[in-house]
Amino acid sequence: MTATADALDQATDPLDGLKIIDCDSHWTEPPDLWTARVPATMRSKVPVMETHDGYTAWYLDGQLWAGTGGNTIERGNQKILGAHMIHPFDEIDASAWDVEARLGLLDLMGVYAQVLYPNAIGFSSNHIVAIEDLAQREMVAEVYNDYLMEVQQASGERLFPQAMLPIWDMDLCVREIARMAEKGARGFTLTDKPTRVGLPELDEPYFAPMWEALDAIHGVVNFHIGSGGRRAEDSETKADRHERLNRSPVAGRTEEYWDSFGLQRRLAVFATQMYMSNVRIVVNLCMSDLFDRYPHVKVVSAESGIGWVPFVLEAMEYQLDQMVTHEEEMIQQRRPTEYFRDHIYVMFWFEKSAPKRLVEDIGVRNIFVETDVPHPTCLYPGAREHFAEVLGDLDEPTRRRILQDNAAEAYKIPV
């Protein structure tokens, strides 16, 4: 039992004996991620971390490339409220990017394993996709994916980073799926809006080789909210991005919040709406025949919550019957809810109402839990206590399935 778990009365602990698998946390890219893994002659071609005027960021080819991502746990495992990023980098707790320190944080939280997503480089590695030189882009991506497997191995199979897919080159993408699967990768990140980086939609023939390769390995595809970066955002000038990142990580997206709001309130408004951005990919998948063509693919909607799911399932069923009447439009072999039940996972962290009341409506086998460490809304430090509170009234098999077995089966995590 962990220190956190010991704080609970073992005789009444509803989570006793369960190995909680956190299905969405973020791994902050360490300063030497690329420079330590390429020859000295190539170091000028990879991202480097620099600090100027107390602000740390990533630079590539002498230009600002990316920030350091959402980090709200400072040295000493202290979470800072009301912040999005801690600067300079030296003030961030090592658990954001160091394997041993992260495992210590997991033990403190009462969590057994974590599925990891990128932090600074975008939730589907958006900034790598935006590198203009294709050879340079491929090198940066390959080093990054190889590093992720170093993390997994060093963790003793408790940390599971999700590899990026080089979707700009479909032959390369197929090879990388096979290469990373051979290395032990348990899943892949993918943008839900490839059109924003100049590619077709995910159901177009262009992506068929990718889906076929994923289907062949019974692969897991992860769609994290906020991963569909626009090309315009990826091509900002150095001065523009410096100004935007220093003002607000969501500045310029004024359609989401009122201009009169301050920075903290803008972040709160933006984040509340962002949770539901994955409704688009879930609905399109369940309204398509993609799972008929690729029946072994599993899809994860990361950091999107679960309270909206019963309504969307009902809406898809109703709208399909009301609106789809032409024979040529009837492309599916099954109902939207059937596809959801067999192929899609959703997850919650801070929610209380939906985990207590809507599990059967959502699907017991379709729910994961997450903590979102080290982001502003992360369940830290009381993750285990929160899950015990919201799931404590459910029966033991249901708790076990949501907290442990669903993720263990999907990501092939030994428990």
Scope region 14-54; condition aliphatic (A, V, I, L, M) and exposed (fewer than 14 other Cβ atoms within 10 Å of the Cβ); matching residues: Ala36, Ala40
Selected residue (only one of Gln162, Gln153, Gln136, Gln114 is farther than 17 Å from Cys23 by Cα, in contact (Cβ under 8 Å) with a residue 24 or more places away in the chain and in contact with a Lys or Arg (Cβ under 8 Å, 6 or more places away or on another chain)): Gln136
All positions within region 120-166 that are over 17 Å from the mean Cα position of the chain (by Cα) and in a loop (DSSP other than H, G, I, E, B): Ala130, Ile131, Glu132, Asp133, Ser155, Gly156, Glu157
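Yes/no per residue for (1) surrounded by 21 or more Cβ atoms within 10 Å (Cβ to Cβ); (2) part of a helix (DSSP H, G or I); (3) within 18 Å of the chain's Cα centre (by Cα):
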position: Gln319; (1), (2), (3): no, yes, no
position: Thr325; (1), (2), (3): no, no, no
position: Tyr339; (1), (2), (3): yes, yes, no
position: Asp342; (1), (2), (3): no, yes, no
position: Tyr345; (1), (2), (3): yes, no, yes
position: Asp361; (1), (2), (3): no, yes, no
position: Asp372; (1), (2), (3): yes, no, yes
position: Pro376; (1), (2), (3): no, no, yes
Neighbours by Cβ (under 9 Å, 6+ apart or cross-chain): first from region 172-197, surrounded by fewer than 18 Cβ atoms within 10 Å (Cβ to Cβ); second in a loop (DSSP other than H, G, I, E, B) and aliphatic (A, V, I, L, M): Ala178/Ile217; Arg179/Ala185
Exclusive hit being within 25 Å of Val99 (Cα to Cα), touching a Ser or Thr at 6+ places or on another chain (Cβ under 6 Å) and not basic (Lys, Arg), set Ala141, Ala120, Ala185: Ala120
Matching entry among Ala315, Ala354 (being at pLDDT 95 or above and touching a Gly at 6+ places or on another chain (Cβ under 8 Å)): Ala354
One residue from Val174, Val115 being among the aliphatic types (A, V, I, L, M), at pLDDT 95 or above and either over 21 Å from Phe223 (Cα atoms) or outside any helix (DSSP H, G or I) (or both): Val115
Of all residues in region 56-89 being part of a loop (DSSP other than H, G, I, E, B) and touching a Gly at 6+ places or on another chain (Cβ under 7 Å), the one that is surrounded by the fewest Cβ atoms within 10 Å (Cβ to Cβ): Pro88
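The values are calculated or read from the model by the stated rules, or taken from the named source; none is laboratory data. All values reported here derive from a predicted model rather than from experimental measurement. As a convention, Cβ positions derive from the backbone with ideal geometry for all residues, glycine included, and neighbour counts pool all protein chains shown.
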